[in-house]
Amino acid sequence: MLVDTLLRPLQDLRISVTDRCNFRCTYCMPREAFGPDHVYLPHAALLSFEEVTRVARLFVQAGVTKLRLTGGEPLLRKGIEHLIGQLAELRTPQGQPVELTMTTNGVLLPKKAQTLKDAGLNRLTISLDALEDATFQRMADVDWRVEDVLAGIAAAQQAGFERLKVNMVVQRGVNDQEVLPMAQYFRGRGIQLRFIEYMDVGNTNGWRMDHVLPSSEVRAHIHAQFPLEAVDRHRPDATAQTWRYVDGAGDIGFISSVTEAFCGDCTRMRLSTDGQLYTCLFAHQGTDLKTPLRAGANDTELGQLIAGVWTQRADRYSERRAAHQGSRIIPLVPVHADVPEHQPARPRIEMSYIGG
Ligand code: SAM
Ligand code: SF4
Ligand code: SF4
């Protein structure tokens, strides 16, 4: 098992399969920054499915048991089911299959859900920030409607995906009025709704602390209407804290990256669309895996590179941000393990490039 400098084991790999998206969520790919002139990665820069599978195999050999496909919008990557088919064949050193999941905005699921299931995808997380069209469309900045995402969720259920999760990014003053309707809609449907605190990822979303609605407030709001009780975390590395409805209508999750940072449990490495490794969502710089991969490095050499990146890892951005907030200094510049605070900020990578 590989552990980093803070003794966190490497267990998950998030794989971004495209930097493109059919949404323009204001908190992720605002249209001003990702307009018609935005330059996306050229096709030749993208890792091929064979390259992704080879890298994923090395990660599985190094102890990873969970792979998550993300983006950008992963369903925009042509033939994604072929990649899923290849990844589904990977086995851990103990001979077990890996858990294969995907995060998607959902609108292409009516076309694709069955193919994904047949290819071997185990789990799906679908993002949806509101049930009311006007709020949804303002946040996603698209003409798609809520019913298109709901149709995606229905298609996933019909295809046989169980224990679906729905991610809702909550922004104070933007969609906080949707918290209760969303909770009400998804309770009792066998779908876990997860509330995500709005994060200061990337450089373009104009993040401000006063736009963050702390999970504690969201939880109190729901609890007043639908009483909740805490559920023990079944996996110490789980990003979400789980609570359940006392009346048995299922459970909900809270991803409190801003107010209750969980860096101590962060066991994730990220592989960008063009083959860079990132050890933190808030990184400025990755480690180039693609160049040695394409230059003919063998598995041992690539495995050593991966091990070197993980064993040197010291990231705990969110915890450091929280410490700053505690002292009432909200960082307007990135705070990162490898950046002394007096240095000018370097741009961070965008979430659409590295995957959520
Ligand atoms: N396009 C897919 C989707 O939206 O599900 C996958 C990629 S998206 C970057 C992954 C997740 O990151 C989504 O659930 C999205 O809501 C979340 N996300 C993006 N920007 C965020 C931000 N600034 N704060 C919190 N969550 C964010
Ligand atoms: Fe696209 Fe997902 Fe980012 Fe929204 S959150 S812009 S759907 S990548
Ligand atoms: Fe992991 Fe970085 Fe997020 Fe902390 S800030 S939980 S180290 S990705």
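The values are calculated or read from the model by the stated rules, or taken from the named source; none is laboratory data. What you see is a predicted model, and the numbers here were worked out from it, not measured in a lab. Cβ atoms come from the backbone with ideal geometry, glycine included; neighbour counts cover every protein chain shown. Keep in mind that these areas ignore ligands, DNA and RNA; they rest on the heavy atoms of the full protein, side chains included. Shrake-Rupley method; radii C 1.70, N 1.55, O 1.52, S 1.80 Å.
Mind listing whichever residues of region 162-195 are hydrophobic (A, V, I, L, M, F, W, C) and either open to solvent by less than 10 Å² (accessible area, probe 1.4 Å) or farther than 30 Å from ASP118 by Cα (or both)?
Residues of region 162-195 hydrophobic (A, V, I, L, M, F, W, C): 164, 166, 168-170, 174, 179-180, 182-183, 186, 191, 193, 195.
Listed by number, the residues that qualify are LEU164, VAL166, MET168, VAL170, VAL174, VAL179, LEU180, MET182, ALA183, PHE186, LEU193, PHE195.
Inside region 108-207, counting only strands (runs of 3 or more DSSP E) that do not spill past its ends, which hold 3 or more residues that are touching a residue at least 12 places away in the same chain (Cβ under 8 Å) and farther than 20 Å from TYR27 by Cβ?
Correct list: empty, since no element meets the threshold.
Given the conditions (1) open to solvent by 30 Å² or more (accessible area, probe 1.4 Å); (2) within 23 Å of THR70 (Cβ to Cβ), which single one is not true for VAL149?
For VAL149, the exception is condition (1).
Got a sec? Which helices (runs of 4 or more DSSP H) wholly within region 266-333 have at least 1 residues that are modelled with pLDDT of 95 or more?
290-294, 299-311
Consider ARG24 carefully, then state whether it is buried (at least 17 other Cβ atoms within 10 Å of the Cβ) and away from ligand 3 (no atom under 16 Å from the Cβ).
Yes; evaluated as a whole, the condition is true for this residue.
So, GLN171, is that one touching a helix residue (DSSP H, G or I) at 6+ places or on another chain (Cβ under 8 Å) and at pLDDT 95 or above or not?
Judged against the criteria, GLN171 is a match.
Hey, could you check region 278-292 for residues that are in contact with a helix residue (DSSP H, G or I) (Cβ under 7 Å, 6 or more places away or on another chain) and farther than 20 Å from VAL52 by Cβ and say which is nearest to ligand 1 (Cβ to nearest atom)?
Only one residue tops the list, namely PHE282.
When the residues of region 236-270 are narrowed to those that are more than 13 Å from ligand 1 (Cβ to nearest atom) and of a type in the set (A, V, I, L, M), which ends up most open to solvent (accessible area, probe 1.4 Å)?
The residue in question is VAL246.
Identify, please: which residue in region 31-71 is hydroxyl-bearing (Ser, Thr, Tyr) and assigned to a loop (DSSP other than H, G, I, E, B) and is, among those, most open to solvent (accessible area, probe 1.4 Å)?
Residues of region 31-71 hydroxyl-bearing (Ser, Thr, Tyr): 40, 48, 53, 65, 70.
Now drop any that are not assigned to a loop (DSSP other than H, G, I, E, B), which leaves 40, 48, 65.
On the way: TYR40: 43, SER48: 41, THR65: 65 Å².
Step by step, filter region 31-71, then rank; the result is THR65.
Inside region 45-81, can you point out the residues that are within 16 Å of ligand 2 (Cβ to nearest atom) and acidic (Asp, Glu)?
GLU73
Taking region 82-98 only, how many residues are open to solvent by less than 60 Å² (accessible area, probe 1.4 Å) and either not β-branched (Val, Ile, Thr) or not in a helix (DSSP H, G or I) (or both)?
Here the count works out to 9.
For SER216, state whether it is at pLDDT 90 or above, among the small types (Gly, Ala, Ser), in contact with a Ser or Thr (Cβ under 9 Å, 6 or more places away or on another chain) and open to solvent by 40 Å² or more (accessible area, probe 1.4 Å).
For SER216, the condition - at pLDDT 90 or above, among the small types (Gly, Ala, Ser), in contact with a Ser or Thr (Cβ under 9 Å, 6 or more places away or on another chain) and open to solvent by 40 Å² or more (accessible area, probe 1.4 Å) - is met.
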